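Peer 1: I have a structure I would like to understand better, so I am pasting it below and will then ask my questions one at a time.
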Amino acid sequence: MNETILEMEHISKTFGPVKALKDVHMDLRSGEVHALMGENGAGKSTLMKILSGVYSLESGTLTYFGKETEFKNPKEAQEAGVAIVHQELNMMADLTVAENIYIGRESMNGVLINDGEMIEKSKELFRELGVHVDPAATVKDIPVGQQQMTEIAKAISMDAKIIIFDEPTTSLTDEEIVQLFRIIRELKAKGIGIIYISHRMDEIGVITDRITVMRDGEYVGTVETKETTKDQLINMMVGRVSYVEPKAESTVPEDAPVVLEAKNLNRDKHIKDVSFTLKKGEILGFAGLMGAGRTEVARAIFGADPLDSGEIYINGEKAKIHSTADAVAHGIGYLSEDRRSDGMITDFDVADNISMCTIPEFVEGALINDKKIETVAGKYVDDLSIKCSSVNQVAKTLSGGNQQKVVIAKWLHAKSDILIFDEPTKGIDVGAKNEIYKLMNALVAEGKSIIMISSELEEILRLSDRVIVMSEGRKTADLMIQEANQEVIMKYASQEGVA
């Protein structure tokens, strides 16, 4: 039995009223690859940020090589031998490979940096890994696979005892994955403990020894990989008691007209040949794990990101959408996942946010008719039950749910018949969620159509008439709501093929 090098016991963490972690447990042995799994929002990243010193230890104990420890910051964790290979590689793109490996620990020749020595030391690290990467190359000029090898070399150069791999294969080719797995096995043979975060079930089965599953910020259990099936893992990940009654069947008539059709959409590695339809009065749910490509599809339809290929039809007519203005002109509104950055100007008041897409209609001569704006905004405040002292209240002082309603009002006033809701209830309380749900159902009852992206499966099952499931940039399922449940959706969300 390998030595236990890490024990995290009774770990809890709160952010304001949100309890992100509740009494979580995890241990790691030397020379072990230990998977950490769970749905989006399960608490995996929060737990790893505590281990790596990004977040403080609020309650519970962290025992590292037999000694109770708390890393006050990432530098302390790195110096103790805890390294992370991030999903979004954490590198200085304009520096060389060698400079990235030794940043903050440069070889010095007097007061000057000794680039030659760092390059030679980097070459030795890559020889040890059995890969070829030019240490003198600028990071932005090398492939993603080599960038990842640079991160691993950096971890080894710091004499890492634990390496956390966060979704490490998301951007890699099959050949690069094989190479990565070879290196992980070599690190394991040297006694390094590996924490491996991934949603790819096939990968987990190949490379890991044990699996810890988290759900809703809580510890579910730890199992031996070779003794556990995919179905058992899925059940552990989603086996919560559902407090929301799923929609029994679609409320959309079979002969309802198609208001939007996407045909063979492609955009680099994020969107791969995605096609679907949206009917009038339909809530079309988009489900999938982090990095599945759901938001990328939404942004492409809204003209925020360019497509490499594919066609979009609005009410049967081919639409040329090259910008967000084009999308708005075609009656599409987009409620971004990050409403504070993309959905509204938080320093503006409620009235200005509601009218920002339709300012020309309020211009009279050379002046803007503020009274008219306030009158229109007041109507939406009443219709959507936006809680504010007046339409002149600054948006950033509203609750999250009321901010979301202001963004919805903006798009309704812009005459949007197709609404894309990206994580519509993120960061808002249960009461506000129910208000948003009622509002969405009222909108489709009036003939609007909604694409809803959500990481909450209960939300998908409660609201959707039909569910598109995505994985690795591809559509893996198109399910009528009566065919969908949490286990079925998770099965397709973990699938690496094409429906």
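Peer 1: Looking only at the stretch 367-389, how many residues end up being among the small types (Gly, Ala, Ser) and either farther than 24 Å from residue 436 by Cβ or crowded, with 16+ Cβ neighbours inside 10 Å (or both)?
Peer 2: 2
Peer 1: Suppose the filter is outside any helix (DSSP H, G or I), over 29 Å from the mean Cα position of the chain (by Cα) and modelled with pLDDT of 90 or more; does residue 371 pass it?
Peer 2: When the stated conditions are applied, residue 371 does not pass them.
Peer 1: What pairs come out if I take residues in the stretch 230-257 that are at pLDDT 70 or above and pair them with residues that are exposed (fewer than 11 other Cβ atoms within 10 Å of the Cβ) whose C-beta lies under 9 Å away, six or more apart or interchain?
Peer 2: Once the first residue is at pLDDT 70 or above and sits in the stretch 230-257, its partners that are exposed (fewer than 11 other Cβ atoms within 10 Å of the Cβ) give 251/445; 257/316.
Peer 1: Out of the residues in the stretch 394-451 meeting the condition of being basic (Lys, Arg) and crowded, with 22+ Cβ neighbours inside 10 Å, tell me which one is modelled with the highest pLDDT.
Peer 2: Among them, the one singled out is 448.
Here's the yes/no breakdown for (1) assigned to a helix (DSSP H, G or I); (2) farther than 20 Å from residue 337 by Cα; (3) touching a residue at least 12 places away in the same chain (Cβ under 8 Å):
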residue	(1), (2), (3)
434	yes, no, no
437	yes, no, yes
444	yes, yes, yes
450	no, no, yes
459	yes, no, yes
470	no, no, yes
478	no, yes, yes
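Peer 1: I'm trying to understand the selection: among the residues of the stretch 112-130, which are hydrophobic (A, V, I, L, M, F, W, C) and either at pLDDT 90 or above or over 30 Å from residue 473 (Cβ atoms) (or both)?
Peer 2: Correct list: 112, 113, 118, 119, 125, 126.
Conditions (1) over 21 Å from the mean Cα position of the chain (by Cα); (2) at pLDDT 90 or above, marked per residue:
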| site | (1), (2) |
| --- | --- |
| 38 | no, no |
| 50 | no, yes |
| 64 | yes, yes |
| 70 | yes, yes |
| 91 | no, no |
| 97 | yes, yes |
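Peer 1: Considering only residues of the stretch 131-155 that are assigned to a helix (DSSP H, G or I) and surrounded by fewer than 16 Cβ atoms within 10 Å (Cβ to Cβ), which is modelled with the lowest pLDDT?
Peer 2: 144
Peer 1: For residues that are closer than 30 Å to residue 18 by Cα and not in a helix (DSSP H, G or I), tally how many sit in the stretch 205-239.
Peer 2: Residues flagged as closer than 30 Å to residue 18 by Cα and not in a helix (DSSP H, G or I) within the stretch 205-239 amount to 15.
Peer 1: Here are 144, 178, 139: which of them is in the same structural domain as residue 103 (by TED's automatic domain parsing), without any contact (Cβ under 8 Å) to a residue 24 or more places away in the chain and either more than 26 Å from residue 64 (Cα to Cα) or not basic (Lys, Arg) (or both)?
Peer 2: None of the other options fit; the residue is 178.
Peer 1: Given the options 224, 261, name the one that is among the acidic types (Asp, Glu) and either closer than 19 Å to residue 479 by Cα or surrounded by 15 or more Cβ atoms within 10 Å (Cβ to Cβ) (or both).
Peer 2: 261
Peer 1: State the number of residues belonging to the stretch 390-402 that are within 15 Å of residue 352 (Cα to Cα) and not in a helix (DSSP H, G or I).
Peer 2: 6
Peer 1: Hey, which of the strands (runs of 3 or more DSSP E) in the stretch 296-335, taking only ones fully inside, have at least 3 residues that are within 26 Å of residue 354 (Cβ to Cβ), out of contact with any Gly (no Cβ under 6 Å at 6 or more places or on another chain) and in the same structural domain as residue 271 (by TED's automatic domain parsing)?
Peer 2: Ranges flagged: 332-335.
Peer 1: Next question, about the same structure. Considering only residues that are polar (S, T, N, Q) and out of contact with any strand residue (DSSP E or B) (no Cβ under 8 Å at 6 or more places or on another chain), look in the stretch 93-116 and name the one that is nearest to residue 136 (Cα to Cα).
Peer 2: The extreme case among them is 100.
The values are calculated or read from the model by the stated rules, or taken from the named source; none is laboratory data. Note that the coordinates shown come from a computational prediction; the quantities given were computed from them, not determined experimentally. As a convention, Cβ positions derive from the backbone with ideal geometry for all residues, glycine included, and neighbour counts pool all protein chains shown.
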